[in-house]
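Enquirer: Take a look at the following structure, please.
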Amino acid sequence: MADSTVVTRFAPSPTGYLHVGGARTALFNWAYARRHGGRFILRIEDTDAARSTDESTKKILEDLRWLGLNWDEGPEVGGPSGPYFQSQRGHLYKQYLEQLAAIGRAYRCFKTAEELTAAKAKAKTEGRAYKYDPAESLNLSKAQTDQLIAAGKPFVWRFRMPDADVTVNDLVLGDVTIKAAELEDFVIFKSDGGPTFHFANVVDDATMKVTHVLRAQEHLMNTPKHVAMFDALGIKRPSYAHMPLIFNSDGSKMSKRDKAKVARAAAKERKLAAAPGVDDAAFRAFLDKKSDAVEIALAVAGVLNVILPEIDVHDFRRSGYLPSVILNYLALLGWSPGNDLERFDLDFLAKNFDLERIGKSNARFDRAKLLAFNTEAIGKLTPDEFFKLWREHLAAFHPVYLQKFDDARLRILAEAYRPRSRTLDEPSINGMFFVVADGDVQYDPKAVEKVLKKENGAGLAMLRELAAVLTAISDWNGPALHAALEAFAQRAGKGMGDIAQPLRVAVSGSTVSPPIQDTLALLGKNSTLARINRALTL
RNA sequence: GGCCCCGUCGUCUAGCCCGGUCUAGGACACCAGGUUUUCAUCCUGGUAACACGGGUUCAAAUCCCGUCGGGGUCACCA
């Protein structure tokens, strides 16, 4: 039964990429709307002009689309309640502010930030909890107010909270009551003439006729403010559902700074003196924890070859996770369908998602489990599906492959890696030796020592014999190579592993590659022999 | 610190609302074997939890209270 009255929204502020926590919020709102045949709105909360960027908006839209979370109303698709950028809805906020002012529920406050800070400090030294005292502002006469305005004194507008306890009927947590004494008159219009988050949020939810607000639990203490405004405006409150938070596996908050932390630790441990493309001052600031710039973290990670923790949806995309897997895993963080069911897709959520089964306790993000889900999902892909997805991944993150390989060869490479890939990025990284010139293969010293030089160069001796065997092969393809190598192994009384490893190190530089006959076939006879000859000189 | 929310294996959770079927189920991780041409898979088995203390009851993971622990929030950020 379609309940067309349900309207949900996802309202990110465009200050960076789409965070996984935000993605889950979007997912739940999307799923709830779908489940009830309602509408899902995307709204950009860019009231903070200093931090919001168009670039970020673009990225967030792109990530949502990549995930498959399509919105019925919002940027780029329009809708009856537009515009969908708060920066373009100023007239509405003004209008509702006037309405509140007219009924005495909004008033000017001329207190400066310094005065407020001082009052807070005083309360602290006196050991009492600070609470904004509205008396002075409320007692200002019309004449006094006019005079202050005429004098150009800056002011904010505050909302007059009711002198009563406020109960929020949360669909996940149940009734939550906050005592009147805990609530204070908060700012709804800043001195720069723009609305604060609280006000814009409420006016928009009201004018967009949002019926259900599904958001993270960190907003719980904002909700009394929000419902009080709905009440003052005489507008029916939407239903609220606050969901548990998502943390790192160590219990810390998942934040962009995690990337800086990991990169900084690596830079210090390896005594990195500079990072490419980063000027010295900025780099030093980064090391001194004065800056957590993501660009610097990425540059450091690049030279030191360390993997930064994934935080944003885009990070997981770059790491080669499938959108369906991210969605599935995220849904499990805070929701469960019961019946020991764990693998499901968007379609399932659109049919089965409900608020009753949202959990109340915070969850930790477990990358190992995400990886396991991804491994399984990739294992189920057909060769064609894998090829298509990997090709897209390469186009976005490793275009060098598309320059070096035509689709026919790329398809063969894809098939060599498909059964041994847990992410779309693993083959991209592990297969680098396929796309570099023969003379540029990087030899891993440990692999060379262990496989080629150990025991008086037994591996090298083996390689010399193999070079002769391979040179004699005219029919250069997987099955033929396999047959030839196996025959040689028989004659030499060796196991396949004894011959494969020296060859693998010689042609790839490492101990890891697809099955050796496939690797050699893909590389071609010339490259194979050239690399073996080079390895012989190591 | 005030206020608010939460508390089942290492992690995510099922079970809790409607006490008995729970000697607490699943998944991931971990451990031990096995398959394998490296890697990645794959197969088999195993370890592992109701935070603690009271109470209610014939019976409590399930209901009540307290303690402890974790988290959120206290901006002219959102």
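The values are calculated or read from the model by the stated rules, or taken from the named source; none is laboratory data. Please read these numbers as outputs of a predicted model, since none were measured by experiment. We place every Cβ from the backbone using ideal geometry, glycine too, and count neighbours over all the protein chains shown. Calculation scope for accessible area: heavy atoms of the full protein, side chains included, ligands and nucleic acids excluded. Shrake-Rupley method; radii C 1.70, N 1.55, O 1.52, S 1.80 Å.
Enquirer: Run through region A:370-464 and list the GluC sites (Glu not before Pro) located in a DSSP loop whose Cβ has at most 12 other Cβ atoms within 10 Å.
Expert: none
Enquirer: Ok, one more. Taking +1 at the Cβ of each Lys and Arg and -1 at the Cβ of each Asp and Glu, which of A:287, A:375, A:254 sits farthest along the dipole of region A:232-391 towards its positive end, judged by Cα position relative to the Cα centre?
Expert: Looking along the dipole axis, the top candidate is A:287.
Enquirer: Name the helices (complete DSSP H segments) of chain A with a Cα length along the long axis of 24 Å or more and a Kyte-Doolittle mean of at least -0.5, or state none.
Expert: A:454-471
Enquirer: Would you work out if region A:191-343 is rounded, prolate or oblate? Take a ≥ b ≥ c from the square roots of the eigenvalues of the alpha-carbon gyration tensor; rounded if a/c is under 1.5, else prolate when a/b is larger than b/c, oblate otherwise.
Expert: It comes out oblate by the Cα gyration axes.
Enquirer: Here's something else I'd like to know. Which ³J(HN,Hα) values, rounded to whole Hz and listed in residue order, are derived for region A:234-242 from phi using the Karplus coefficients 6.51, -1.76 and 1.60 in 6.51 cos²θ - 1.76 cosθ + 1.60 with θ = phi - 60°, glycine and proline given as x?
Expert: Listing the rounded values in order: x, 10, 4, 5, x, 7, 10, 9, 9 Hz.
Enquirer: In Å², what does the accessible area per residue of chain A work out to with a 1.4 Å probe?
Expert: With all protein chains present, chain A gives 48 Å² per residue.
Enquirer: Here is a further query. Taking 41 Å as R0, compute the FRET efficiency from the Cβ-Cβ separation of residue A:356 and residue A:112 and round it to 0.05.
Expert: Computed FRET efficiency for residue A:356 and residue A:112 comes out at 0.30.
Enquirer: Jot down the per residue volume, in cubic angstrom and as a whole number, of the convex hull over the alpha-carbon atoms of chain A.
Expert: Roughly 207 Å³ of hull volume per residue.
Enquirer: Please compute the modelled spin-label separation between residue A:372 and residue A:5, points set 7 Å along Cα→Cβ, answer in nm with one decimal.
Expert: So the two model labels end up 4.3 nm from each other.
Enquirer: Along the charge dipole of chain A, Cβ charges K/R +1 and D/E -1, which of A:188, A:500, A:334 sits furthest on the positive end?
Expert: A:500
Enquirer: Counting only protein heavy atoms, what percent of the accessible surface of region A:371-443 is carbon or sulfur at a 1.4 Å probe?
Expert: After summing per-atom areas, the C and S share lands at 54 percent.
Enquirer: Please list the non-local residues whose amide H lies under 5 Å from the amide H of residue A:216, H modeled 1.01 Å from N, same-chain partners needing a gap of 5 or more.
Expert: A:243
Enquirer: Still on this structure: For the residue pair residue A:444 and residue A:280, what label-to-label distance in nm results when each label sits 7 Å from Cα along the Cα-to-beta-carbon direction?
Expert: Taking the simple label geometry, residue A:444 and residue A:280 are separated by 3.6 nm.
Enquirer: Follow-up question, since we're still on this one. Residue A:170's amide H: which non-local residues (gap 5+, or another chain) put their own amide H closer than 5 Å, with H modeled 1.01 Å from N in plane and none for Pro or chain starts?
Expert: So residue A:170 has HN proximity to A:175, A:176.
Enquirer: Straight-line reach only, C-alpha to C-alpha below 26 angstrom: list the lysines that residue A:153 could link to, leaving out same-chain residues fewer than 8 apart.
Expert: Answer for residue A:153, where 26 Å is the Cα cut-off: A:94, A:111, A:120, A:122, A:131, A:142, A:190, listed by chain and number.
Enquirer: Now for a separate question. Amide H of residue A:19: which non-local residues (sequence gap of 5 or more, or other chain) have their own amide H closer than 5 Å, using H built in the peptide plane?
Expert: Under 5 Å from the amide H of residue A:19 lie the amide H atoms of A:313, each far enough along the sequence or on another chain.
Enquirer: I need the peptides A:17-28, A:65-76, A:435-446 ranked by packing, meaning the mean over residues of other C-beta atoms within 10 angstrom, with the highest value on top.
Expert: A:17-28, A:65-76, A:435-446
Enquirer: What's the FRET efficiency of residue A:486 with residue A:511 using the Cβ-Cβ distance as r and R₀ = 25 Å, to the nearest 0.05?
Expert: For R0 = 25 Å, the calculated efficiency reads 0.80.
Enquirer: I need the P(r) histogram for region A:1-124: all alpha carbon pairs, bin width 5 Å from 0 out to the longest distance, whole percents.
Expert: 2, 10, 15, 16, 14, 13, 11, 9, 6, 3, 1, 0
Enquirer: Under 11 Å from a point placed 7 Å out from the Cα of residue A:138 along the Cα-to-Cβ direction: which residues of region A:177-219 have their backbone N that close?
Expert: Hits in region A:177-219 for residue A:138 at 11 Å: A:185.
Enquirer: For an R0 of 45 angstrom, estimate the FRET efficiency from the Cβ-Cβ distance between residue A:128 and residue A:249 and round to the nearest 0.05.
Expert: Efficiency at R0 = 45 Å is approximately 0.70.
Enquirer: Relative contact order of chain A: what whole-number percent is it, with Cα pairs under 8 angstrom and at least 6 residues apart?
Expert: Relative contact order of chain A: 12 percent.
Enquirer: Expressed as a rounded percentage, what relative contact order does region A:1-154 have, with Cα pairs under 8 Å and six or more residues apart?
Expert: Taking the mean separation of contacting Cα pairs over the length of region A:1-154, I get 19 percent.
Enquirer: Let me ask something else. For A:48, A:250, write out the residues from largest to smallest accessible area, computed with a 1.4 angstrom probe and no ligands counted.
Expert: A:250, A:48
Enquirer: Right, something else. In region A:98-210, what percent of the accessible surface is made up of carbon and sulfur (1.4 Å probe, ligands and nucleic acids excluded)?
Expert: Heavy-atom surface of region A:98-210 belonging to carbon and sulfur, 1.4 Å probe: 54 percent.
Enquirer: In debye, nearest 20: dipole of region A:470-528 around its Cα centre with unit charges on the Cβ of K, R (+) and D, E (-)?
Expert: Dipole magnitude for region A:470-528 comes out near 120 debye.
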